[in-house]
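The structure under discussion appears below in the form of C-alpha cells.
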Amino acid sequence: MFSSIDTIWVLVAAVLVFFMQAGFAMVEAGFTRAKNVGNIIMKNFMDFSIGSIVFWFVGFSIMFGPSIGGFIGGINFFFTAEYGNDVPDMAILIFQTVFAATAATIASGAMAERTKFSTYLIFSLVITMVIYPISGHWVWGDGWLGELGFMDFAGSTVVHSVGGWAAL
C-alpha cells in the first residue's frame, strides 16, 4: 500500500530537479562564448535523453538491485523487479533518473568549450549508467557506506560529489 501524498511529493521533487537542467544550461551558456551556446544546450539536453534511457535500462538495477558484496546491485534490465519502497517504484525511477542526469550535467559545466560533443556523449553515458548508480548503491542501495551508517538524505554526496569528482 502506497501513500498518495508521499508519491506526489516524490514526483513534485523530481519535476523541480528536472527544471534544474534548464538552469544549468543557462548558467553554462552564460559562461561560454556565444558560438558555443548551441553545443552547451545540446549537451544538457542529451544528458537527460541518453541518461534516462541507460539509467532505466541498467543503472537503476545497479543502484537498487540486490547487493553483491556491498559494491554493486544485481543487474536487472529495464527495471522489471520490485524494490519495496514506500512509494511506487516507477516514481522512484523517475526521481532517480533526473538525479542521474543532474550528476552528469554538473560535470558538463566544467567541460564547457573543452570537449568534443561525441566524446561528451560517451562520458555522459558512462556517468549515468555506471558511476552514479554504483555510488548511489553504496549509500542508498544497501551498499557498504550505508551499512557503516553513512547517510545522504538530499544527494549532496551521491549527486553533487559524483558530478564534481567527474568534472575534476
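The values are calculated or read from the model by the stated rules, or taken from the named source; none is laboratory data. Bear in mind that the values here come from a model prediction, so they are computed numbers and not experimental data. Ideal geometry is used to build each Cβ from the backbone, glycine not excepted, and the neighbour counts take in all protein chains shown. Side chains included, ligands, DNA and RNA excluded: accessible areas come from the protein's heavy atoms. Shrake-Rupley method; radii C 1.70, N 1.55, O 1.52, S 1.80 Å.
Assorted remarks:
- All positions within segment 67-118 that are open to solvent by 60 Å² or more (accessible area, probe 1.4 Å) and either touching an Asp or Glu at 6+ places or on another chain (Cβ under 7 Å) or assigned to a strand (DSSP E or B) (or both): Ile68, Glu82, Asp86
- Condition broken by Ala14, with the remaining ones in (1) of a type outside the set (Ser, Thr, Tyr); (2) farther than 17 Å from Gly141 by Cβ; (3) without any contact (Cβ under 8 Å) to a residue 24 or more places away in the chain satisfied: (3)
- Flag if Gly51 is touching a Pro at 6+ places or on another chain (Cβ under 7 Å) and buried (at least 18 other Cβ atoms within 10 Å of the Cβ): no
- Each residue in segment 122-168 was checked for being under 17 Å from Phe55 (Cα atoms) and among the aromatic types (Phe, Trp, Tyr), and 4 of them qualify.
- Test: residue in segment 129-144 that is open to solvent by less than 40 Å² (accessible area, probe 1.4 Å) and without any contact (Cβ under 8 Å) to a residue 60 or more places away in the chain: yes
- Going through (1) within 16 Å of Lys116 (Cβ to Cβ); (2) not in a helix (DSSP H, G or I) one by one, Phe2 falls short only on (1).
- Counted residues, segment 17-53 - those being acidic (Asp, Glu) and more than 30 Å from Phe78 (Cα to Cα): 1
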